[in-house]
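Note sheet for the following structure.
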Amino acid sequence: MKFGTKSIHIGNEPDATTGAVITPIFQTSTYAQEEPGKHKGYEYSRTHNPTRTALQTTLAALENAKYALCFASGMATEDTVIKLLKPGDEVICTNDLYGGSFRLFTKVFAKFGIKFHFIPLQEIDLVHIVLSTHTKMFWIETPTNPLLNIIDIQSIVEIAKKLNIITVVDNTFASPFLQNPLDLGADIVVHSATKYLAGHSDVVMGCLMTNDDELYQQLAFLQNSCGAVPSPFDCFLVQRGLKTLHLRMAQHCKNASAIANFLNNHSKIEKVYYPGLESHTNHDIAQKQMRDFGGMVSFTLKNDSIASAFNFMKNAKLFTIAESLGGVESLVGHPATMTHASIPREDRLKGGLKDTLIRLSVGIEDTEDLLESIEYALSKV
Ligand SMILES: *Cc1c(COP(=O)(O)O)cnc(C)c1O
C-alpha cells in the first residue's frame, strides 16, 4: 500500500459500536471492567486511549514501523527517549541541533550524569574523535535547523550497529513522506508532530516509532511511568492532519524548490541553503535518502545587517513572522534573534549561522503569490 492510502486507511477503521467513519474522541480517563482485571484492553488513559491507539497505528504505518508512541510534545518524546540511558552513558549528537533538544540535553540531562558530544555529523570522520566505550546513542537530525545540513543516516548506522549503539533520528523536518530512517537502519525515529504531521499550527504533540520489540517495551514503560501523554482531542487533530500529509508535502516541496531557485539567482542574496540545490554540499546524500527536499529554505543577504534581515521579514507579507514550521501557512523566522538566540553569537558564527540568516517555512499557498511576496520584500532590503 502506498503512502497516501496508508495515511487515510490504516488506523482509520469505522467505530465498532456506532459505525462512525471517523474515530471518536474518546474523552475518558477510565474504563469499566466486567470484573477486576477483565476488560477490553483499556484500563486508564495514561496507559492507553482508543483515539491515541488509532493515531499510533497510522503513525507506525507511515514510518514503516511496528510500533508508534505519542507524547504531549516533541520535547516530551525526546525526554522519554533519553531516559533509556543511565549516568555515565554518552550521546553523540549533531552540532546544529534543534535549540530545544540542545537545552534538554545540556541543561536537564547533563546534570544526571549523561554526557553529550555535539559535532558536525555531516563530516562523518569526526565521529571517531568522541566515540568511546561509553557511547550508547547517536542523535541525528537531518535536514538540520536552520542550515539544512544533510547527514548520511546509513553511514552513522553502519558505525552504530558494529558497536551496539542506538541510532535516533529526529525526522521532523523531512516528515515520513520524504524520509524513512528506520528503513535505513535507524532504531528510533522521533517527530515533533506539531510541525508537518499535524500540519495546521493548531496542536503541540510528539511521537516516536521503532521496529525493536525490546526498545518498544522500555519506551512504552517510560511513557506510562512518566506520563507525558497527549489528549484524545489532540490525537484526533493530528490524525485528521495526517490524511493530507502527502498532498501538503508535495506542495511544500514544490513551493520551497521554486523559492530556493528564485533566491539563488537574485543579486541581493549571498547564499541559499536548500538540499535540493545542486550547489548544496550534501545534495547527493539528500538525493539518496530523501524522496524530495522539503519545505524549509534558509538564506543570507549580501547586505549583512540585522536591520536588512528585519526589513525583508516585515515586507514579506505572506510570511508571518513566527517560530515553528510545517503548517499550511508560510512563516519567516530570524534564528539569530528568535529560535537560536540562546546560543552565544560567537558560537553561532562558528557554526555558520550569520546575523542575516533568514529561515522560511514555506507553506502550501500558490507558488506565484509567494514568489511575488519575496520579490517585493527583497526590493525593500
Ligand atoms: C519543534 C521541534 C522539536 C520540539 O517539538 P515540540 O513539539 O515543540 O515540543 C524537536 N525537534 C525539531 C526538529 C523541531 O523542529
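The values are calculated or read from the model by the stated rules, or taken from the named source; none is laboratory data. Owing to the predicted nature of the structure, the values given are computational and were not obtained by experimental measurement. Counting neighbours? That spans all protein chains shown, and the Cβs are built from the backbone with ideal geometry, glycine included.
Quick check: anything in the stretch 91-106 modelled with pLDDT under 95, in contact with a helix residue (DSSP H, G or I) (Cβ under 7 Å, 6 or more places away or on another chain) and either closer than 22 Å to Thr142 by Cα or within 16 Å of the ligand (Cβ to nearest atom) (or both)?
Scanning the stretch 91-106, I find at least one residue that is modelled with pLDDT under 95, in contact with a helix residue (DSSP H, G or I) (Cβ under 7 Å, 6 or more places away or on another chain) and either closer than 22 Å to Thr142 by Cα or within 16 Å of the ligand (Cβ to nearest atom) (or both), so the answer is yes.
Collect the residues in the stretch 294-329 that are closer than 26 Å to Val238 by Cβ, surrounded by 22 or more Cβ atoms within 10 Å (Cβ to Cβ) and within 16 Å of the ligand (Cβ to nearest atom), keeping them in residue-number order.
Gly294, Gly295, Met296, Val297, Leu325, Gly326, Gly327
Out of the stretch 322-373, which residues are in a strand (DSSP E or B) and basic (Lys, Arg)?
Hit for the stretch 322-373 is Arg359, nothing else.
Return the pair list, or none, for Cβ contacts closer than 9 Å from residues in the stretch 358-381 that are free of Cβ contacts under 8 Å to residues at least 12 places away in the same chain and among the acidic types (Asp, Glu) to residues that are part of a loop (DSSP other than H, G, I, E, B) and surrounded by 14 or more Cβ atoms within 10 Å (Cβ to Cβ), at least 6 apart or on different chains.
From residues that are free of Cβ contacts under 8 Å to residues at least 12 places away in the same chain and among the acidic types (Asp, Glu), the pairs are Glu372/Leu318.
Checking the conditions here, which among Ile114, Ile124, Ile129 is under 27 Å from Phe177 (Cα atoms) and either free of Cβ contacts under 8 Å to residues at least 40 places away in the same chain or assigned by TED's automatic domain parsing to the domain that holds Tyr196 (or both)?
Checking each option against the conditions leaves just Ile124.
Report the residue count in the stretch 202-240 for those that are buried (at least 23 other Cβ atoms within 10 Å of the Cβ) and more than 19 Å from Ile188 (Cα to Cα).
Looking only at that region, the number is 5.
Taking the options Ile159, Ile151, name whichever one is in a helix (DSSP H, G or I) and either of a type outside the set (Gly, Ala, Ser) or within 15 Å of the ligand (Cβ to nearest atom) (or both).
Going through Ile159, Ile151 in turn, just one is in a helix (DSSP H, G or I) and either of a type outside the set (Gly, Ala, Ser) or within 15 Å of the ligand (Cβ to nearest atom) (or both): Ile159.
Do we have any residue at all in the stretch 237-254 that's over 19 Å from the mean Cα position of the chain (by Cα), of a type in the set (Gly, Ala, Ser) and not assigned by TED's automatic domain parsing to the domain that holds Ile8?
No: zero hits.
Given the options Leu318, Leu360, name the one that is out of contact with any strand residue (DSSP E or B) (no Cβ under 8 Å at 6 or more places or on another chain), under 20 Å from Ile269 (Cα atoms) and at pLDDT 95 or above.
That would be Leu318, the only listed residue that is out of contact with any strand residue (DSSP E or B) (no Cβ under 8 Å at 6 or more places or on another chain), under 20 Å from Ile269 (Cα atoms) and at pLDDT 95 or above.
Evaluate the following for Leu178: is it within 13 Å of the ligand (Cβ to nearest atom), touching a Cys at 6+ places or on another chain (Cβ under 9 Å) and of a type in the set (A, V, I, L, M, F, W, C)?
Spelling it out, it is not the case that Leu178 is within 13 Å of the ligand (Cβ to nearest atom), touching a Cys at 6+ places or on another chain (Cβ under 9 Å) and of a type in the set (A, V, I, L, M, F, W, C).
Just to check your reading of the model, which residue among Gly11, Gly100, Gly74 is of a type outside the set (A, V, I, L, M) and surrounded by fewer than 17 Cβ atoms within 10 Å (Cβ to Cβ)?
Exactly one residue qualifies, and that residue is Gly100.
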